[in-house]
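To keep things clear, I will list the structure first and then write my remarks on it.
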Amino acid sequence: MNATGLIPQFRSLDRLSLPGSRINEDGIGLRGAFAWVIDGATGLSAEQLTSGGSDAAWLAGLVGDRLMELAAEGEAEALLDRLEAAIDATFRETTAHVQTIDDHHAPSACLGLIAAEPEEGGGVRIQGRFLGDVVALVPTEEGIVRWTDERAKPFEKRTLAALGGRQHAPGSIPEAVRRQILENRTNLNRPDGYWVVNPLRPWAGREMRFEASVKPGAPIVLATDGFMRLVDVFEAYSDSTLHARLAAGGGADLMEELRERERSDLMAGAYPRVKTHDDATFLIIAAEPYG
């Protein structure tokens, strides 16, 4: 414990999650000393495996539900191993009627999980465990630091290269892009590939880890890549200016700005992207002592 004898826990300052189309495949949550953001991805198959709005929405919901249960036990080090086992067991039970499930068929999800621990002198130590391109913006003594998993970036670049400069209607995926996505997924949860939560291939223990000291009460941002388009695609903000706007209560206005920028480029010609509108989610939290 820290000098005050209190254990830090997270509280929510602001949150918003909006679907890019009909179904939202993102998720956020917090409990005690844990908080998380989830970004689901449905397999490239016409056959749905689960009873969710989509397989990715089902998986994102399952990950969130299991994290809510596991966070109550407060054991960070073994949490992802236990989460993997719970997801695998539930997926096997849910899909017992399906004879064969290929890599391109199963859903997956990016996950950013952070945990708070006490430091001497009343400070807070934040630990991050990340799989995929979800993001944390963490206020440190060196400024706002981004935590994310960059291992999928080479594969994302191949997808954008397949897209080229061609425009495409909302909701459509050019065939060349679809083929590239299928090829990318053969590298999912493999050495020299990229790592995400997936019910077919092991992933616990392959997450990227981060640590930082933060002041109690300092706002920490968790977000999906759909919301981070304001920085990474439209280049309207830096990590620092986006964090400042969110910390000042501007989350709803930023979300509307994001959607307006997407609507202004419906064919994705000026700002190349596979999805014209993506699910967009942020969660702003603060770690504070709790007796």
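The values are calculated or read from the model by the stated rules, or taken from the named source; none is laboratory data. Since we're looking at a predicted model, the values are computed, not measured. Using ideal geometry, Cβ is built from the backbone for each residue, glycine included, and neighbour counts are taken over all protein chains shown.
Data for the structure
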read-out: Residues being assigned to a helix (DSSP H, G or I), farther than 20 Å from GLY52 by Cβ and not charged (D, E, K, R) - total across the range 75-99; value: 3
read-out: Every pair of residues 6+ apart whose Cβ atoms lie under 8 Å, when the first sits in the range 265-281 and is within 24 Å of LEU16 (Cα to Cα) while the second is of a type in the set (Phe, Trp, Tyr) and surrounded by 19 or more Cβ atoms within 10 Å (Cβ to Cβ); value: ALA280/PHE227; THR281/PHE227
read-out: Qualifying residue in the range 219-239 (condition: part of a strand (DSSP E or B), within 22 Å of ASP149 (Cα to Cα) and among the small types (Gly, Ala, Ser)); value: yes
read-out: Every residue from the range 72-106 that is of a type in the set (Ser, Thr, Tyr) and either at pLDDT 90 or above or surrounded by 15 or more Cβ atoms within 10 Å (Cβ to Cβ) (or both); value: THR90, THR94, THR95
read-out: Residue match in the range 135-145 (condition: under 30 Å from GLU288 (Cα atoms), in contact (Cβ under 8 Å) with a residue 12 or more places away in the chain, polar (S, T, N, Q) and not in a loop (DSSP other than H, G, I, E, B)); value: yes
read-out: Of all residues in the range 238-264 being among the hydroxyl-bearing types (Ser, Thr, Tyr) and free of Cβ contacts under 8 Å to residues at least 12 places away in the same chain, the one that is farthest from SER172 (Cα to Cα); value: THR241
read-out: So THR186, is it modelled with pLDDT of 95 or more, more than 23 Å from ARG125 (Cα to Cα), over 20 Å from the mean Cα position of the chain (by Cα) and among the β-branched types (Val, Ile, Thr); value: no
read-out: The range 147-171 residues that are closer than 23 Å to ALA136 by Cβ, paired with ones that are modelled with pLDDT of 80 or more and in a helix (DSSP H, G or I) (beta carbon under 9 Å, 6 or more apart); value: ALA152/ASN184; PHE155/GLN180; PHE155/ILE181; PHE155/GLU183; PHE155/ASN184; PHE155/ARG185; GLU156/ASN184
read-out: Complete set of residues in the range 207-216 that are under 16 Å from the mean Cα position of the chain (by Cα) and buried (at least 16 other Cβ atoms within 10 Å of the Cβ); value: GLU207, MET208, PHE210
read-out: The range 8-22, subset surrounded by fewer than 17 Cβ atoms within 10 Å (Cβ to Cβ) and at pLDDT below 95, residue farthest from PRO170 (Cα to Cα); value: ARG22
read-out: Residue match in the range 217-231 (condition: farther than 20 Å from LEU13 by Cα, at pLDDT 95 or above, surrounded by fewer than 20 Cβ atoms within 10 Å (Cβ to Cβ) and over 20 Å from the mean Cα position of the chain (by Cα)); value: no
read-out: Check on THR241, under 21 Å from TRP58 (Cα atoms), at pLDDT 95 or above and among the hydroxyl-bearing types (Ser, Thr, Tyr); value: no
read-out: Residues of the range 171-205 satisfying the condition of being surrounded by 13 or more Cβ atoms within 10 Å (Cβ to Cβ), touching a helix residue (DSSP H, G or I) at 6+ places or on another chain (Cβ under 9 Å) and in a loop (DSSP other than H, G, I, E, B); value: ILE173, PRO174, ASN187, GLY193, TRP195, VAL196, ASN198, PRO199, LEU200, TRP203, ALA204
